[in-house]
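Here is the structure we will look at, set down as structure tokens.
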Amino acid sequence: MSRAGAPLKGRAGRLARLMPSASPSSAARTPFVLLVVLLLGGGLITLLLLNSALNEGSFRLSELKRDTTELTDEQQALQRDVDSYSQPGALERRARELGMVPGGSPAFLDPDGTVRGVPTKATAPPPSPSPTPSPEPTPEDGAQADEAGPGVPSPTPSGTATPSPGAAAEPESEDAPAPENTPATPPPTTPGR
């Protein structure tokens, strides 16, 4: 019928010229398709790595927030401890435990060596009578207490009488040694001597 290699004439020839041939166009499309596939694959891998890095940063951030919360709680607990030790009542109690006594009226030295104010010696106030719990009376102690009368305090096991709550504390004798808790104060000195 017709030859395969013969040029087309007429209408078929014009259509063949409008349509590009198969071999040159497929050779030009292959690098472009490979480039698009490589770009898409590289973009997906980049998104995967970026997502992994963001998740790792998110885990680290939540861990740091938890650590910050724990440290803040610890800091607040320590601040409460400092505040409780800084209260006037706690400071006074600890000072008394160390043997310190409240100071008297202060005196000041002027630059020329004169003393301004009247210095007074700090003395410890008399200890407040603390009620000591008396043991339950045994039949022997009870009999002795009944014989002594209702107004006389009952003796304690050590042999000393417990003061009644309404009774005033008796001062100790003047020749008794000073309590061990009162520190000895040195005599006042003047500067330059």
Using a Förster radius of 41 Å, what is the FRET efficiency between LEU8 and THR46 based on their Cβ-Cβ separation? Nearest 0.05, please. 0.25
Report P(r) for the stretch 23-115: all Cα-Cα distances, bin width 10 Å, range 0 to the bin holding the largest distance, values in whole percent. 12, 14, 12, 13, 11, 9, 8, 7, 6, 5, 3, 1
For labels at THR68 and LEU39 in the simple 7 Å Cα→Cβ model, what's the distance in nm? 4.1
Would you grab the residues whose amide H sits under 5 Å from the one on LEU109? Only those 5+ places off in sequence or on another chain, please, with H modelled 1.01 Å from N. ARG116
Average the reciprocal distances over every distinct pair of alpha-carbons in the stretch 58-112, invert the result, and give the Kirkwood radius in Å. 15.4
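Each reported figure results from applying straightforward, stated rules to the coordinates on display, with no laboratory input. Treat the numbers as computed from the prediction; the structure is a model and nothing was measured. Heads up, the Cβs are rebuilt from the backbone with ideal geometry, glycines too, and the neighbour counts pull from every protein chain shown.
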